[in-house]
Amino acid sequence: MAANQPGSFASRIFRTSWGWMGIVASPIGVARIVLPQASRARAERELRAADGEPLQEASAQALLAQAQTQLMEFVAGKREALDLPPDLSAGTPFQRKVWRAALRIPYGRVRSYKWIAGKVGGTSYARAVGLALGANPVPILVPCHRVVAQDGSLGGFSCGLPAKRRLLTLEGTLSQLK
C-alpha cells in the first residue's frame with residue numbers, strides 16, 4: 001500500500017461472533033482485512049503489521065461500514081458473497097493474477113493450487129500460487145481459504161489452519177476434504 005498517498009486510507013476495528021476483525025479501505029477499495037482475533041489490541045496490531053498506521057479519511061467511511069456489515073453477515077453464515085471492490089494494488093503482477101483467479105472460486109466450492117496455477121500460466125506454478133495466496137491482503141474477499149492441495153488436504157493458510165477449517169466448515173466444504 002506504500003504506493004498510495006498518505007492520508008488516503010481509513011481503517012476500522014469491529015467485533016464479530018468470531019472475534020475482533022479489522023479493515024483498511026483505500027480510494028480504490030478494500031485494501032486489507034484482518035481475520036478474527038481474540039482481542040481488539042491483537043486485531044489492531046495485525047492491521048498495522050504490514051502497512052503502518054492507517055489514516056482516517058472521511059470519504060472511505062461508507063466503504064468501511066459496508067465492508068463491516070458484509071463481513072459480519074459472512075461469518076454469521078448470512079451471506080455467501082462479498083460485494084466490495086478489492087484494492088489489490090499492493091501485490092506484484094503475478095500475485096494480482098493469482099488473487100483474481102481465486103475471486104472466481106464460488107462459495108461452497110474449493111479448487112486446488114494446481115487449478116489456480118493452470119489459470120495463471122502453468123500447473124507447475126502451484127508452489128508460487130501458494131506463496132501469492134499467502135500474501136493475500138484481503139482474505140474472505142479474495143477467498144484464498146477455498147484453495148486446497150491437489151490431494152484434498154488443506155494446504156496452508158496465512159491466517160492459520162484453524163481459521164481455514166472454520167471458514168471451510170462455514171461454507172460446508174471441509175467435510176468433503178481429506
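The values are calculated or read from the model by the stated rules, or taken from the named source; none is laboratory data. Model, not experiment: these values are computed from the prediction. As a convention, Cβ positions derive from the backbone with ideal geometry for all residues, glycine included, and neighbour counts pool all protein chains shown. Keep in mind that these areas ignore ligands, DNA and RNA; they rest on the heavy atoms of the full protein, side chains included. Shrake-Rupley method; radii C 1.70, N 1.55, O 1.52, S 1.80 Å.
Some values worked out for this structure:
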| quantity | calculated |
| --- | --- |
| Surrounding net charge for Gly19, when Lys and Arg each add one and Asp and Glu each subtract one, Cβ distance under 14 Å | +3 |
| Beta bridge orientation in the chain: antiparallel %, DSSP, nearest 5 | 75 percent |
| Where Rh is the Kirkwood radius over Cα pairs, Rg/Rh for segment 95-178 | 0.92 |
| Apportionment of accessible area to carbon and sulfur, the chain, percent (1.4 Å) | 52 percent |
| Estimated translational D of the chain in µm²/s (Stokes, Kirkwood radius over Cα pairs; 37 °C; 0.692 mPa s) | 200 µm²/s |
| Residues whose placed amide H lies under 5 Å from that of Val30, excluding near-sequence neighbours | Asp87 |
